[in-house]
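The values are calculated or read from the model by the stated rules, or taken from the named source; none is laboratory data. Everything numeric here is computed off the predicted structure, so don't read it as measured data. Heads up, the Cβs are rebuilt from the backbone with ideal geometry, glycines too, and the neighbour counts pull from every protein chain shown.
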Amino acid sequence: MSVAEKDINQAFVSLSKAYAGNLGDPYPLYKKLRDQSPIYDGDLVADFGVPSLAAGRDGKRKVFCLLGNEVVTKALMDPELYSTEVWREAFGGVLGDPVLLYMKGPEHKFSRNMLAQILSPAAIKDMVDKHFKPTIEGMVKSFVANGKAELMSAFILDFPIRVIYELFGLPSKDPAAYEQFSTRALIMVLGGLIDPRKPEEAQERIANAFQANKQIYDQIIEIVQTRRASGDFSGYDMISQLLRYEHEGKTLDDDAITQFLLPNLAAAGETTSRGFANVLALLLERPALLEQVRNDRSLVKTAINETMRFEGSVSVLPRIVTRDLEIDGVKVPAGSGVNILVGAANRDPAAHENPEEFSLQKRTKQALSFGFGPHMCMGMPLAKVEMEIALNTILDLLPNIRFDPAGNYEGIKGIQFRSPPTLNVEWDV
Ligand code: HEM
């Protein structure tokens with residue numbers, strides 16, 4: 001592990017601890033509370049000792065939690081009542097502007113349409129064959145001979161950043177440029193989220209995150225300028241597509257292209273890393289299911305979908321309510337914070353049969369781990385395809401993969417975000 005890799009891994013483990021709080025498994029409590037009411041008058045995230053984004057930067061906003069599948073789905077469908085502005089506050093401006101998550105109305109629709117065109121199925125397919133598959137396979141091949149690895153630092157934290165780097169269309173044959181980009185990306189993403197209980201540490205992290213954002217901005221805009229000058233922008237990578245983009249006779253300038261790319265970097269990294277870590281962890285915990293998936297690769301997609309229901313990486317979505325409302329007899333005043341517990345809603349028996357079971361049977365209802373409604377994740381198809389490639393590659397190249405008994409597997413942890421902090425595995429060489 002290089003020094004930079006080690007630092008980043010330590011930062012990730014410490015952030016994972018901050019997300020984990022003092023309770024490893026929140027589901028029994030979710031079940032107990034959800035059986036009583038779909039809404040909880042209080043902030044479970046803060047109760048668990050985890051920084052709560054809905055409570056605001058000083059942690060003082062009154063917060064309610066939604067746990068039932070129906071109320072959660074309704075809330076996600078109504079961003080006018082359940083405002084996503086809280087994300088702007090949570091990231092403290094680190095992601096720049098514009099950011100889809102806290103855009104509204106026609107401007108939001110326009111940007112979503114633009115991103116949907118750029119992340120079209122044809123574009124993703126082209127990028128998968130030409131770039132993502134060879135990259136992910138190359139990453140895993142580089143440590144196959146070792147027979148063991150801590151997979152979070154050796155592979156899982158990095159591969160979604162590599163994928164997005166190539167998706168943007170940044171120079172893939174320049175390892176130093178990539179190294180700089182990935183280090184800055186992690187500083188930017190991990191630094192944006194703050195812990196109100198540690199103001200000094202938060203200040204330093206935010207300052208580093210702003211600096212990393214500026215450095216990535218400079219790195220990207222230089223490439224955009226060079227590409228525009230060369231006239232070579234025929235591919236499916238995002239920079240090429242944004243350079244070609246035209247709407248009602250208008251095109252995008254270099255700054256607009258760069259600003260459009262940056263938030264996707266934050267959206268695509270940690271979410272996918274933690275999501276994939278959960279897929280692998282749940283299968284490693286269940287060797288019979290792992291064997292089943294290894295022998296029948298049509299189950300790879302099912303395992304990923306079921307993981308996103310059973311243990312999605314993004315487990316809580318914060319909102320602020322814009323008018324007074326009442327749910328199940330509980331009065332929620334305008335201006336309150338709401339933590340939408342998608343992790344709890346995904347285990348609601350009213351929506352899913354045997355919700356507490358991780359099963360490779362196909363389920364009929366989609367989980368809410370990628371959100372729902374107007375702000376539903378735009379990167380879901382990309383994230384799923386990346387996770388499929390990563391799982392198939394690991395099953396192909398790491399025979400008989402299993403937990404390393406010396407690795408102290410801690411299980412999947414966290415409230416706001418969930419994943420194992422580390423994943424020590426071994427395989428036959
Ligand atoms: C497993 C991986 C991922 C998970 C679990 C995930 C989850 C989510 C969730 C829950 C939201 C909605 C947030 C809210 O309503 O408050 C969201 C939004 C978004 N995601 Fe993802 N995401 C993942 C990967 C990606 C990737 C790879 C991209 C790549 C571009 C991406 C791009 C976006 C964007 C642009 C939005 C904002 C959409 C909007 O506000 O209109 N995500 N994601």
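Among residues that are within 16 Å of the ligand (Cβ to nearest atom) and surrounded by 15 or more Cβ atoms within 10 Å (Cβ to Cβ), Ile394 is not included.
Residue-by-condition table, conditions (1) surrounded by 17 or more Cβ atoms within 10 Å (Cβ to Cβ); (2) modelled with pLDDT under 95:
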position: Val330; (1), (2): no, no
position: Pro349; (1), (2): no, no
position: Thr364; (1), (2): no, yes
position: Ala383; (1), (2): yes, no
position: Pro399; (1), (2): no, no
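Might you check whether a residue that is assigned to a helix (DSSP H, G or I) and out of contact with any strand residue (DSSP E or B) (no Cβ under 6 Å at 6 or more places or on another chain) occurs anywhere in the stretch 310-332? Within the stretch 310-332, one or more residues are assigned to a helix (DSSP H, G or I) and out of contact with any strand residue (DSSP E or B) (no Cβ under 6 Å at 6 or more places or on another chain).
Within the stretch 24-35, residues that are modelled with pLDDT under 95 and crowded, with 17+ Cβ neighbours inside 10 Å reach partners that are β-branched (Val, Ile, Thr) and assigned to a loop (DSSP other than H, G, I, E, B) with beta carbons closer than 7 Å, at six or more positions or on different chains, in the pairs Pro26/Ile415. Of the helices (runs of 4 or more DSSP H) contained entirely in the stretch 171-280, those carrying at least 3 residues that are within 16 Å of the ligand (Cβ to nearest atom) and under 28 Å from Ala46 (Cα atoms) fall at 175-192, 254-268.
Considering the stretch 124-165, and only residues there that are more than 16 Å from the ligand (Cβ to nearest atom) and not in a helix (DSSP H, G or I), the residue that is nearest to the chain's Cα centre (by Cα) turns out to be Glu150. Among the residues of the stretch 382-417, the ones that are more than 21 Å from Leu289 (Cα to Cα) and in a loop (DSSP other than H, G, I, E, B) come to 4 in all.
Would you check which residues across the stretch 367-381 are part of a helix (DSSP H, G or I) and near the ligand (Cβ under 6 Å from one of its atoms) and list them? His375, the sole residue that qualifies. Pairs meeting the criteria (first residue in the stretch 313-334 and over 28 Å from Phe417 (Cβ atoms), second residue in a strand (DSSP E or B) and of a type outside the set (A, V, I, L, M), beta carbons under 9 Å, at least 6 apart or on different chains) are Asp324/Lys331.
When the stretch 136-188 is filtered for residues that are among the basic types (Lys, Arg), more than 23 Å from Asn278 (Cβ to Cβ) and in contact (Cβ under 8 Å) with a residue 40 or more places away in the chain, only Lys141 remains.
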